[in-house]
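Report on one structure; see the data block that follows.
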């Protein structure tokens, strides 16, 4: 939350409310006393208006009556555990404790004698969160301005239930007898528990229904949209200037530059974001072309001072790059929100976020929830892999592909070459828009590789997008003789690789070819273990990987895997 608040301060967001249901007990134990003060300071420090709503109207009225000052001091000072316990034990317990603590103070005896145990209990548990008048007044006051507001609202856990205030009530269930008693307490007829307004007279029900029907909420534009009805055209392959030697991260930067220059409608829907790694993940070109998002026009101070820089940090409301602080959880939260825009606003966005691959772990919770709500985004994780040992520190990653494969709702892909990336990104932007599609996780590298000057055949493109294709296909085997017997020879071998270890795999293939010229050897590049596995789970022997393995020698073949990751 604190990291998110920092971004709200930086962007000067408006019209945002944060409501804290402040129970005086948490799940497993009472909330730490005065915890609300830290929450208050945290929001106030980030320029939010904070409303601390403690008490309801009836309790505030008691504070103005006999012994009111002493009573307020007692209620404010009592620790959360004791207050929760008393709210479970009932009015007599409150009476005994007040008499014990402040019974001799002026006005307290008069206050206690003027109430039954039932009315005393009702007043002392009248917290702000259960008093609509207090809530409405605070909400109406906050609505007078566009300043972001935080409401810290005191409540009782299990309010009005028999388990109210009990330390274990998060795991307790009401008995049938307690449910029947509660139903009678609410004047709900037996069998009408799920009725709209069963505890009101027909005349009263009609008034309530008329009020609800004509409420502003029900007379505005629909807030729920049919998702994925809008399909934005994407080129079959994204343009990319390919150098003789380049990394997939560099290729990504070139592709984003071309998107930044593009006049195609889809380019207007692309938004990028990064947690303080814009330049080091090659998003600078897109930033320079499309600008940084800010609520107001913001000048680039370096440019104003005529300082040479490769990056243009000019902000504007129509900027398409969002710069975040070093907080990967914020990145994933924003990707999830932006990727859900078609649900929320009926307008599709194509969010692309970059992060150092090792630090995906900092954002797993937000990633999980983003995928759970079926948000669609493209996460570009770079640099990655043990090939980055020269970068030092924790910039190497070995297990992240397991995250991509294990997380439902996102597809992991790892191209090795620039032309593969251009193909895969185009496919990904299309797949994100499909009803049965998913988000995309691209694992890239800063390791430069020599690029092939080639033209993909249609079959190679199709194979790439199915998860794997032959870099060196298997040689045709000798057909069986007339008796159906195959000529005995060396065991077929498939070298299978993925990602930035392509040079090692190619070198191994060439060395084996020299050392064992008669060895039936083939070289298979995998772009997505995730796609291959999902396809195999669905189609089994008819899957793409099964077909490739049959071509490479079937069950007789030896498979050697080379991967810059966990096997």
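Data for the structure
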item	result
Number of the condition not met by residue 65 [criteria: (1) surrounded by fewer than 17 Cβ atoms within 10 Å (Cβ to Cβ); (2) more than 30 Å from residue 316 (Cβ to Cβ); (3) in contact with a strand residue (DSSP E or B) (Cβ under 9 Å, 6 or more places away or on another chain)]	(3)
Some residue of the range 149-159 being assigned to a loop (DSSP other than H, G, I, E, B), surrounded by fewer than 18 Cβ atoms within 10 Å (Cβ to Cβ) and in contact (Cβ under 8 Å) with a residue 24 or more places away in the chain	yes
Of all residues in the range 10-39 being out of contact with any helix residue (DSSP H, G or I) (no Cβ under 9 Å at 6 or more places or on another chain) and either surrounded by 17 or more Cβ atoms within 10 Å (Cβ to Cβ) or not in a loop (DSSP other than H, G, I, E, B) (or both), the one that is modelled with the highest pLDDT	19
Boolean, residue 187 is closer than 22 Å to residue 121 by Cβ, under 41 Å from the mean Cα position of the chain (by Cα) and in a loop (DSSP other than H, G, I, E, B)	no
Condition met for residue 389 (more than 14 Å from the chain's Cα centre (by Cα), assigned to a helix (DSSP H, G or I) and either in the same structural domain as residue 321 (by TED's automatic domain parsing) or at pLDDT below 90 (or both))	yes
Meets criteria (in contact with a helix residue (DSSP H, G or I) (Cβ under 8 Å, 6 or more places away or on another chain) and surrounded by fewer than 22 Cβ atoms within 10 Å (Cβ to Cβ)) for residue 396	yes
The range 326-351, subset surrounded by fewer than 21 Cβ atoms within 10 Å (Cβ to Cβ), under 18 Å from residue 293 (Cα atoms) and free of Cβ contacts under 8 Å to residues at least 60 places away in the same chain, residue farthest from the chain's Cα centre (by Cα)	326
Only listed residue being assigned to a loop (DSSP other than H, G, I, E, B), without any contact (Cβ under 8 Å) to a residue 24 or more places away in the chain and surrounded by fewer than 23 Cβ atoms within 10 Å (Cβ to Cβ), chosen from 306, 318, 312	306
Scan of the range 168-184 for residues that are loosely packed, with under 11 Cβ neighbours inside 10 Å and at pLDDT below 90, ordered by number	168, 171
Among the candidates 267, 274, residue that is touching a residue at least 40 places away in the same chain (Cβ under 8 Å), surrounded by 14 or more Cβ atoms within 10 Å (Cβ to Cβ) and either over 27 Å from the mean Cα position of the chain (by Cα) or not in a loop (DSSP other than H, G, I, E, B) (or both)	274
Where residue 79 falls short, out of the listed (1) surrounded by 18 or more Cβ atoms within 10 Å (Cβ to Cβ); (2) under 22 Å from residue 162 (Cα atoms)	(1)
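So that you can scan it fast, the table gives a plain yes or no per residue for (1) at negative phi; (2) surrounded by 11 or more Cβ atoms within 10 Å (Cβ to Cβ):
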{"site": "191", "(1), (2)": "no, no"}
{"site": "197", "(1), (2)": "yes, yes"}
{"site": "200", "(1), (2)": "yes, yes"}
{"site": "212", "(1), (2)": "yes, yes"}
{"site": "219", "(1), (2)": "yes, no"}
{"site": "233", "(1), (2)": "yes, no"}
{"site": "239", "(1), (2)": "yes, yes"}
{"site": "243", "(1), (2)": "yes, yes"}
{"site": "246", "(1), (2)": "yes, yes"}
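The values are calculated or read from the model by the stated rules, or taken from the named source; none is laboratory data. Remember, it's a predicted structure, so these values are computed and weren't measured experimentally. Cβ: placed from backbone, ideal geometry, glycine included. Neighbour counts: every protein chain shown.
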